[in-house]
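To start, the structure under review is shown below, and the notes come after it.
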Amino acid sequence: MVDAVDDYSESQPVENVSLHNSDEGPSSKNGQNIHSSLTNHHSSLTAHHSLLPHDRLEPLKGWGGAVGAAAYVYRPSTLEQLKECFELAKRTGKHVTLRGAGRSYGDASLGRENIVIELTRMNRILAWDAKTGIITCEPGVTIEQLWRFAIEDGYWPPVVSGTMYPTLGGVLGANIHGKNNFKAGPIGEHVLSFDFLTPSGEELHVEHGSDLFYSIVGSFGMLGAFTKITLKLKKVYSGDLDVKVFNPANLHELFEVFERQLPQSDYLVGWIDAFASGNSFGRSIVHQANYLALGIDPIPAKTLRVAYQDLPDMILGLVPKSIMWMFLRPFTNQLGFKLINWAKYVSSRFSPKTEFRQAHAAFAFLLDYVPNWKRSYGEGGLIQFQSFIPKETAEATFRKQLELCQREQLVPLLAVFKRHRPDQFLLTHAVDGYSLALDFKVTESNRKNLWALTSKLTEIVLAAGGRFYMAKDATLTPDAFRQYLGEETLSKFRELKHRFDLDGILESELSKRLEIR
Amino acid sequence: MKQWKRVIVVGASAGIGKALAEALLKEGSSVALVSRNEGAMNAIAHRYPGKALVFPHDVRHYEEVPALFQRIAHDLGGLDLIIYAAGIMREYEPHEYNFTKDRETIEVNTLGAFAWLDETAKRFEQVKGGTIIGISSIAGERGRSGNVPYFASKAALTTYLESLRNRLSKYKVKVVTIKPGFVDTAMLLNADGSRKSFIPWLISPERAAQLILRAASRGKNTAYIPGRWRFVSMVMHLMPSFIFRRLSF
Ligand SMILES: Cc1cc2nc3c(=O)[nH]c(=O)nc-3n(C[C@H](O)[C@H](O)[C@H](O)COP(=O)(O)OP(=O)(O)OC[C@H]3O[C@@H](n4cnc5c(N)ncnc54)[C@H](O)[C@@H]3O)c2cc1C
Ligand SMILES: NC(=O)c1ccc[n+]([C@@H]2O[C@H](COP(=O)([O-])OP(=O)(O)OC[C@H]3O[C@@H](n4cnc5c(N)ncnc54)[C@H](OP(=O)(O)O)[C@@H]3O)[C@@H](O)[C@H]2O)c1
């Protein structure tokens with residue numbers, strides 16, 4: 001058994017663990033150097049300024065729970081305090097990782113034994129114009145805060161993730177997409193401007209459309225910190241969406257439904273039963289949702305209230321939602337999930353209600369409906385493998401992926417399907433095509449095979465000209481990373497890194513793993 | 001056997017500490033080697049490139065410990081296990097009372113352990129987990145007439161480890177007290193290099209290391225090395241003072 005205190009397990013199988021930071025970065029020294037600094041500069045090393053207070057140490061994890069790393073965590077509440085954190089890092093020779101709500105699945109906001117600056121306390125809404133829907137926020141404002149604040153004025157965030165807990169800083173760091181990506185693009189396209197603090201202390205104001213704008217949004221905290229964000233929210237005339245359900249009987253039908261529905265959809269998302277085989281290989285449920293035009297909702301003042309949006313506290317009328325995960329736990333083995341998927345499919349297919357109205361929050365944040373559902377995955381947590389494939393090769397590619405998972409008997413417990421369109425952001429994950437997000441349960445015994453599987457899945461994606469998304473990633477290698485982004489993009493990024501963070505202060509477990517510097 | 005990924009061994013240049021470090025390195029752990037003899041540690045590190053880190057340090061330099069500890073945790077990428085094995089046993093003439101030697105013994109065997117393990121405890125309490133192994137000795141069971149400060153240093157260490165265990169168990173931190181009998185190391189040699197006379201149940205440092213790691217991975221609180229010393233200890237504890245006084249060891 002592997003006994004690792006602050007990371008139940010590594011992002012790498014145990015065999016590959018080695019000392020990673022013996023000769024790089026501002027603070028790394030090998031034993032010999034430490035010796036010399038200890039004997040030669042005795043007083044400076046024992047002086048307190050080189051030490052970080054032990055009570056700042058926290059065992060952080062990626063949201064999936066499969067990767068973790070202890071770090072010295074600081075939560076500044078003002079720009080001044082944020083600057084002080086960077087100063088502290090320089091003084092103590094530590095690296096800095098920026099973190100929002102820690103909702104990235106893997107290691108994007110982890111920084112082992114270094115300083116993690118968590119921006120959740122810089123969470124004030126600074127300006128709001130109810131006529132235009134333009135809002136200015138500190139980076140720690142969450143999607144939840146945003147929609148709760150704006151909805152009664154008839155506004156909804158233009159792009160949201162499947163969970164409402166991410167911060168705007170993290171959301172811009174990843175440049176998130178929603179179920180409306182094919183239409184609305186990533187969140188970055190709705191940002192009018194932002195303020196940015198680089199590790200060297202430079203403060204920038206960046207306007208939408210500049211070259212810098214497209215390079216910084218989506219750069220995963222590697223260039224500096226968003227400190228103020230102005231974005232335009234989406235005008236809505238009802239708190240409800242018109243939802244339609246489709247039940248494609250196989251993978252090919254799924255693609256057909258999507259292509260047919262795209263022109264008349266605001267949101268479109270598919271859920272594939274990855275366990276189905278034979279004729280029903282790829283059978284799925286598709287949810288389409290559309291905004292209501294002005295005048296359609298007879299009671300907009302009511303549906304636009306927060307109370308109407310709020311998710312019911314009870315699920316099934318009986319079980320408090322906060323303990324629902326316990327009831328799911330017994331099902332989270334392969335057989336159990338097979339049953340859940342089958343039941344979900346069957347109940348959807350034969351349910352008489354294929355068209356209904358649903359509140360924005362209920363539609364968008366389904367996953368928040370069962371809080372701590374990920375705990376039902378157990379100790380080892382989960383990883384997600386999400387790939388983005390051009391439309392021409394997507395069907396064949398996803399078929400290959402799902403077949404491989406079935407063959408290897410490592411079937412994803414959730415498989416979510418979305419449509420995307422390309423954008424101009426430097427490190428974009430989007431393509432003119434489709435994405436498939438596969439959630440795998442991680443256990444001590446499947447870990448090695450699972451990583452081997454993701455490496456094969458990665459090969460399939462690269463061969464199809466696909467892309468990856470660092471917010472979800474836990475398994476990519478530096479080679480695969482270089483291959484999908486291309487040398488031109490990476491050298492452009494390196495130039496910026498050089499300009500804003502010459503000493504390489506900003507890093508994360510993800511940036512180290514992918515050798516982004 | 002349990003695999004600890006990131007380990008510190010204090011007192012790693014020789015004897016039991018060295019054997020423990022090598023056993024862990026063979027298992028694939030990353031190990032920080034701490035003690036004074038840099039050459040001896042480099043010789044070990046050489047055989048496990050990328051896995052062993054060398055940190056020359058005298059455990060009596062207590063003020064160095066917090067910074068050094070933090071740096072080692074950084075370079076290892078965390079910490080799962082610390083073993084405190086540093087120890088000395090000074091020779092005393094029959095009528096010798098020597099405060100300098102007494103103090104040195106307490107400094108290395110006891111205070112050095114406090115300095116390192118306090119720092120470890122602070123960390124493990126924060127991250128809610130970890131294993132601490134302290135190499136005490138059966139010599140700490142009773143105050144025999146031989147090497148007074150050595151027995152006292154080990155008695156203090158044993159009690160310290162027990163307190164630490166009671167303090168840290170609610171944070172899922174494991175504290176293991178190791179009480180070896182006789183292990184074939186430099187500690188049992190006379191000044192002229194010859195081995196001391198009365199040495200029952202002698203085992204090799206490698207065997208000791210194996211038994212120590214096995215006990216720790218089985219979740220033992222206290223382990224006698226080898227196990228039969230538990231009975232000797234029981235007998236010693238039962239023995240009334242008027243008999244104990246008359247024994248010459
Ligand atoms: C259940 C669930 C569903 C999800 N669904 C979707 C989805 O539908 N679409 C999607 O795109 N994503 C989705 N995600 C991923 C999530 O939206 C992103 O990982 C997002 O970045 C999380 O924001 P955060 O505040 O938690 O940031 P963190 O995870 O803490 O950080 C994300 C990145 O941003 C950087 N960062 C954080 N704050 C700042 C700052 N102030 N300045 C600069 N950089 C910063 C970090 O260094 C890190 O690299 C989902 C995640 C979960 C858990
Ligand atoms: N051997 C036995 O029969 C026996 C029995 C019971 C308990 N023990 C205990 O087991 C432990 C290991 O002993 P051993 O038999 O392996 O002895 P050893 O071979 O003499 O090794 C002692 C170790 O302690 C280190 N050490 C001593 N003084 C130090 C200092 N000031 N700073 C840093 N490190 C120091 C030494 O390293 P440097 O010299 O390089 O600094 C060496 O690595 C000791 O605590 C001992 O009391 C031994």
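The values are calculated or read from the model by the stated rules, or taken from the named source; none is laboratory data. Computed from a predicted structure; not experimentally measured. Don't worry about glycine lacking a Cβ; one is built from the backbone with ideal geometry, like all the others, and counts go over all protein chains shown. For the accessible areas, the whole protein counts, side chains as well, though only heavy atoms, and no ligand, DNA or RNA atoms are used. Shrake-Rupley method; radii C 1.70, N 1.55, O 1.52, S 1.80 Å.
List the relative contact order of the stretch A:125-235 as a percent without decimals, with contacts defined as Cα pairs under 8 Å and 6+ residues apart.
Reported relative contact order: 33 percent.
Under a Cβ-Cβ cut-off of 13 Å, what is the net charge of the residues other than A:THR230 that fall near it, where Lys and Arg count +1 and Asp and Glu count -1?
Numbers: positive: A:LYS228, A:LYS232; negative: A:ASP129, A:GLU138, A:ASP195, A:GLU207.
Within the 13 Å Cβ shell, the charges total -2.
Within the set of other residues whose C-beta is less than 14 Å from the C-beta of B:ALA14, count the net charge using Lys and Arg as +1 and Asp and Glu as -1.
Result for the local shell: -2.
Size of the dipole of chain B about the Cα centre, Lys and Arg at +1 and Asp and Glu at -1 on the beta carbon, nothing else charged, in debye to 20?
1120 debye
List the relative contact order of chain B as a percent without decimals, with contacts defined as Cα pairs under 8 Å and 6+ residues apart.
19 percent
From the P(r) of chain B, can you give the percent of Cα pairs sitting at distances over 35 Å? Write down the numbers at each step before the final one.
Working: 3494 of 30876 pairs.
That fraction is 11 percent.
Could you give the Stokes-Einstein D for the stretch B:138-247 in µm² per second, using the C-alpha Kirkwood radius, 4 °C, 1.567 mPa s?
Here the translational diffusion coefficient equals 84 µm²/s.
Put +1 on the Cβ of each Lys and Arg and -1 on the Cβ of each Asp and Glu in the protein assembly as shown; which of B:GLY129, A:MET222, A:ASN290 then has its Cα farthest toward the positive end of the dipole?
B:GLY129
Which aspartates and glutamates does A:LYS228 reach when only Cα atoms under 13 Å apart count, and residues fewer than 8 places away in its own chain are ignored?
Partners found: A:GLU138, A:ASP195, A:GLU203, A:GLU207.
Taking a probe of 1.4 angstrom, what is the accessible area of A:TYR308 in Å², to the nearest 10?
90 Å²
Report, as an integer, the average count of C-beta atoms from other chains found within 10 Å of each Cβ along B:62-69.
Taking the mean over all residues of the peptide, I get 4.
May I ask for the equivalent-ellipsoid semi-axes of the stretch A:125-235, computed as the square root of five times each C-alpha gyration tensor eigenvalue and listed largest first in whole Å?
21, 15, 13
In peptide B:72-84, what is the residue-averaged number of other protein chain Cβ atoms found within 10 Å of each Cβ?
The per-residue average across the peptide is 6.
Computed over the Cα atoms, what is the radius of gyration of the protein assembly as shown divided by 2.2 N^0.38 Å, N being its residue count?
1.10
Per DSSP H run of at least 4 residues, take -39500 (n - 2.57); add these up for the protein assembly as shown, divide by its residues and hand me the 222 nm value, nearest 500 deg cm²/dmol.
Estimated from H runs of four or more residues: -10000 deg cm²/dmol.
For the stretch B:23-101, which whole percent of the accessible surface, found with a 1.4 angstrom probe, sits on carbon and sulfur atoms?
55 percent
Once you list every other residue whose beta carbon is under 9 Å from the beta carbon of B:VAL176, what net charge do they have if Lys and Arg are +1 and Asp and Glu are -1?
Counting the neighbours of B:VAL176, the net charge comes to +3.
With both partners inside the protein assembly as shown, how many of the DSSP beta bridges are antiparallel, as a percent to the nearest 5?
Looking only at bridges with both residues in the protein assembly as shown, the antiparallel portion is about 60 percent.
So which of B:LYS128/B:LYS170; A:LYS418/A:LYS492; A:LYS179/A:LYS244 end up more than 19 Å apart by C-alpha?
A:LYS418/A:LYS492
What is the interface area between chains B and A, defined as buried accessible area summed over both chains with a 1.4 Å probe, reported in Å² to the nearest 100?
Using a 1.4 Å probe on protein heavy atoms, the buried area is about 3500 Å².
Report, as an integer, the average count of C-beta atoms from other chains found within 10 Å of each Cβ along A:64-76.
Working: counts 0, 0, 0, 0, 2, 2, 9, 1, 2, 0, 0, 0, 0.
Neighbouring Cβ atoms belonging to other protein chains average 1 per residue here.
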